[in-house]
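Right, one structure below, let's go through it.
The values are calculated or read from the model by the stated rules, or taken from the named source; none is laboratory data. Quick caveat, the model's predicted, so the values are computed rather than measured. For neighbour counting, all protein chains shown are included, and Cβ atoms are generated from backbone atoms with ideal geometry for every residue, glycine included. With ligands, DNA and RNA removed, areas are computed over all heavy atoms of the protein, side chains included. Shrake-Rupley method; radii C 1.70, N 1.55, O 1.52, S 1.80 Å.
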Amino acid sequence: QGWPYFTEHLVLATPDNGVATAIYAACKATVKVGDGKEITLHEETNYPFEESIAFSVSTGEKVTFPFYLRIPSWTKGAEVRVNGKKVNVAPVAGKYLCIHREWSNGDRVELTLPMSLSMRTWQVNKNSVSVDYGPLTLSLKIAEKYVEKDSRETAIGDSKWQKGADPQKWPTTEIYPDSPWNYSLVLDKTEPLKNFKVIRKSWPADNYPFTVASVPLEVKATGRLVTEWKIDETGLCGVLPEEDAVKGDKEEITLIPMGAARLRISAFPNTRE
């Protein structure tokens, strides 16, 4: 269960009686800063799906303390503004930026983290490639088919299914691909990500972006079906094919952030053309 650990590390106290934002997500934190004064820091953002992060300070009286902002190593050209004015210190990727000043009620800090597409090559995995957008690793968008199973049949190993428990109240749901998943990525020989297109969609009404249907960001790319790449004898995705595997015609494919997918292909055979 990673969410509690994620949440407790969003806003941290610092040894110099300040505050640091180590991980970014919408939240409110009440903290003691300076000489022990209590403030509330309100963070508003749709990060990591969007580039902007805003903080507002609520305090009963003016208070001086350092405010640290983590600048991720993947970003270039990050920008920080305080009450609309750009700070005179250039953010450095992979470092913290410190704003040490007297803070008043309603002060606002705006952090912009420009996102761009990047690629990694896995030499030990058939030279397959993964595509990232800012902090997000992308996965193939695969239609999902949900199949409900009797938990008495699927409970294995140390699951310790209790005799007499009603399986209809504790069903097992298995998810299978309902669209092709075995694609290679077509990459430009000189500029691999040249033809990839980032598409932003509306933020979901339920405020939950981590599903295939509601994820607010997609990337359009080109793929070729690799027919010899199949499900293996265990029912799982088979080992990636060799680089010279026979590939089908070009097709438009869609990539989405991996966290929104239940079925994930995020290391692709590559075809450079």
Expressed in nanometres to one decimal, the distance between label points 7 Å along Cα→Cβ at A93 and E144 is 3.2
As a Kirkwood estimate from alpha-carbon pairs, the stretch 82-149 has a hydrodynamic radius in angstrom of 16.9
Summed over the other residues with a beta carbon less than 14 angstrom from that of P135, with K and R at +1 and D and E at -1, the charge totals 0
Quick calc, the chain, dipole around Cα centre from Cβ unit charges on Lys, Arg (+) and Asp, Glu (-), nearest 20 debye, gives 520
With the charge dipole of the chain built from beta-carbon charges (+1 for Lys and Arg, -1 for Asp and Glu) about the Cα centre, the Cα from S118, A54, P4 projecting farthest to the positive end belongs to A54
Rounded to the nearest Å, the spacing of the alpha-carbon centers of the stretch 130-164 and the stretch 27-106 is 38
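What per residue convex hull volume, in Å³, do the alpha-carbon atoms of the chain yield? Don't jump to the answer; show the numbers that get you there.
Values: hull volume 53.6 nm³, N = 273.
Output value, Cα hull per residue: 196 Å³.
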Rounded to a whole %, the carbon-and-sulfur portion of the accessible area of the stretch 74-144 at a 1.4 Å probe is 48
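Rounded to the nearest 20 debye, what is the charge dipole size of the stretch 16-136 about its Cα centre when +1 sits on each Lys and Arg Cβ and -1 on each Asp and Glu Cβ? Please report the intermediate quantities before stating the final value.
Working: 14 positive and 13 negative charges, 70 e Å.
Dipole of the stretch 16-136, to the nearest 20 debye: 340 debye.
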For the stretch 211-253 (alpha-carbon point model, no solvent) the Debye-based log₁₀ I(q)/I(0) at q = 0.21, 0.27, 0.34 Å⁻¹ works out to -0.86, -0.94, -1.10
The answer for the net charge of residues other than P114 whose Cβ lies under 10 angstrom from its Cβ, with Lys and Arg +1 and Asp and Glu -1, is -1
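Suppose every Lys and Arg Cβ carries +1 and every Asp and Glu Cβ carries -1, with no other charges. What dipole size does the stretch 1-80 come out with about its Cα centre, to the nearest 20 debye? Numbers along the way, then the final one.
Values: 6 positive and 10 negative charges, 22 e Å.
Here the stretch 1-80 has a charge dipole of around 100 debye.
Where does the chain land at 222 nm, in deg cm²/dmol rounded to the nearest 500, when only DSSP H runs of n ≥ 4 count, each adding -39500 (n - 2.57), divided by all residues? Walk me through the numbers on the way to the answer.
Numbers: 2 runs with 10 residues, N = 273.
Rounded to the nearest 500, it is -500 deg cm²/dmol.
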Everything considered on the Cα gyration tensor (a ≥ b ≥ c; rounded for a/c under 1.5, else prolate if a/b is larger than b/c, else oblate), the stretch 21-122 must be described as prolate
Expressed in angstrom, Rg and Dmax over the Cα atoms of the stretch 174-273 are 14.8, 45
Taking the dipole of the chain about the Cα centre (Lys, Arg +1; Asp, Glu -1; charges at Cβ), the one of V33, P135, V87 that reaches farthest to the positive side is V87
Length gained if S104 through N195 is fully extended, taking 0.36 nm per residue and subtracting the Cα-Cα distance, is 28.1 nm
Restricting to lysines and to Cα separations under 26 Å from K141, and discarding same-chain partners fewer than 8 apart, the set is K126, K149, K189, K194, K197, K201, K220, K230, K247, K250
Placing each pseudo-label 7 Å from Cα in the direction of the beta carbon, A165 and Y208 end up separated by a distance in nanometres of 2.2
Once the in-chain neighbours fewer than 8 apart are removed, the aspartates and glutamates whose Cα is under 13 Å from K76 read E51
Largest-first ranking of H100, H9 by accessible area, probe 1.4 Å, whole protein assembly kept, is H100, H9
